[in-house]
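Asker: The following block contains the structure, expressed as structure tokens.
Just so it is clear, none of the values below were taken in a lab; they were calculated from the coordinates. This one's a predicted model, so the numbers in the text were calculated from it and none came from an experiment.
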């Protein structure tokens, strides 16, 4: 909840608190988790 509050205070809208955090998202297996980003120079 703290991170969501910080984002809202900095002007972000449509922020929701995920119960259980990122761990819950990861364990749900409903999303592809990307571990890195390829940067093309």
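Asker: Convert 10 °C to kelvin, take the viscosity as 1.306 mPa s, use the Kirkwood radius over C-alpha pairs of the chain as Rh, and evaluate the Stokes-Einstein diffusion coefficient in µm²/s, rounded to a whole number. The partial results should precede the final answer.
Answerer: Numbers: Rh = 12.5 Å.
Answer from the Stokes-Einstein relation: 127 µm²/s.
Asker: Something else now. So if each residue of separation counts as 0.36 nm, and I subtract the Cα-Cα distance between residue 39 and residue 25, what length gain in nm does that give? Display every interim value, and only then the final one.
Answerer: On the way: separation 14, 0.36 × 14 = 5.04 nm, distance 2.53 nm.
That works out to 2.5 nm of additional length.
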